[in-house]
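Read-outs throughout are calculated quantities, based only on the coordinates presented, and are distinct from any laboratory measurement. Everything numeric here is computed off the predicted structure, so don't read it as measured data. Here the Cβ is made from the backbone with ideal geometry for all residues, glycine too, and neighbour counts use every protein chain on show.
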Amino acid sequence: MTKFYRSVAALACASIATVTLAACGDDVPQVTDDEILSMIGEGNSFVATDAPKTIPKQVDECARLLSGIDEAIYKDMPPEMLGGFKTECRKNFSEIVADKSRNTAGFVLSQRISKIAIDAQIKAREFAESAREKRKTDDRNAQTKKIDDAKQHIAGLISTFDQKFARIDELCGQWDQEYAAAKQRREYGVTRRRPDACSEEFKRDVRIDADKMAADLSKLKIDPDSLFGVTIPYSKLNDPTFFDDTIADIGQKVAGLKDIGANP
């Protein structure tokens, strides 16, 4: 048997060989299914640490083999091979039984392992399904928040358009004045391109972009089967610093005009 098989074989006394029970001591203590499961069960390293334990299939098969429950299944197996399997099962069961930190009850009913294994698998499936549903709910809530945040951002931005455009118009007026003054200070002339944000087209394009963004977001739906989640439509207005950067850029260009020809 493989090292993995040996590592998962669990809980049975070295002399277990009947369909009834095998006790490690003179007295047969009472043991619950949960106690047996805690001793021979294993957790899944791919799920949460608090996930219910399950009994590996190999352990269930080993217990059924030793107890004789599945005797008919192995009737055609060569005696030497069958004996080897049984010896390996007893050996690994004995190792677990010898571990007092796990075998606190001191015995196991081998025929009960299969029932416990089935019950444990059911609990594990229920836990996994619950975990999947929670992940779906969390993902759905996260995507919903992502859409809501984008809607709030664009709505808030639209509400400041008049204020932002007024500030841009003010700076553009300063740019026009400083450009005229700079040309007067320099006899050979000054050539500067007026900032794009000073045009009416800029305001128009921004309003169109914002309206389209709001419309697209209102139609955005969550696809539960998508591997990548919801995608917010691209827009330069998604950048929260868009207007601040635009206003700062015009301000810098105004300051640059003031320096032209100011010093002899």
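Modelled label positions at Asp50 and Phe228, each set 7 Å beyond Cα in the direction of Cβ, lie 3.5 nm from each other. On full extension, the segment bounded by Asp138 and Asp259 gains 37.9 nm, given 0.36 nm per residue less the C-alpha separation. Over 26 Å apart at the Cα level, from the set Lys164/Lys258; Lys134/Lys236; Lys53/Lys100, are Lys134/Lys236. Annotation: average projected area of the stretch 193-248 is 5.0 square nanometres, based on the convex hull of Cα atoms across all directions. Here's the list of lysines a cross-link from Lys75 could span, going by alpha-carbon distance under 25 Å and ignoring same-chain residues fewer than 8 apart: Lys57, Lys86, Lys91, Lys115.
If R0 is 45 Å, the Cβ-Cβ spacing of Phe161 and Glu126 corresponds to a FRET efficiency of close to 0.25. Computed over neighbours whose Cβ is under 12 Å from that of Asp138, the net charge equals +4, Lys and Arg +1, Asp and Glu -1.
Taking each residue as 0.36 nm, the span from Ala72 to His153 lengthens on full extension beyond its C-alpha to C-alpha distance by 22.1 nm. Among Lys236, Lys123, the ranking by other beta carbons within 10 Å of each residue's beta carbon, starting with the fewest, stands as Lys236, Lys123. Overall size of the stretch 160-259 from C-alpha positions, given as principal axis extents largest first: 68, 24, 17 Å. With neighbour counts taken as other beta-carbon atoms within 10 Å, the residues Phe93, Phe228, Phe127, Phe161 rank, fewest first, as Phe228, Phe161, Phe127, Phe93.
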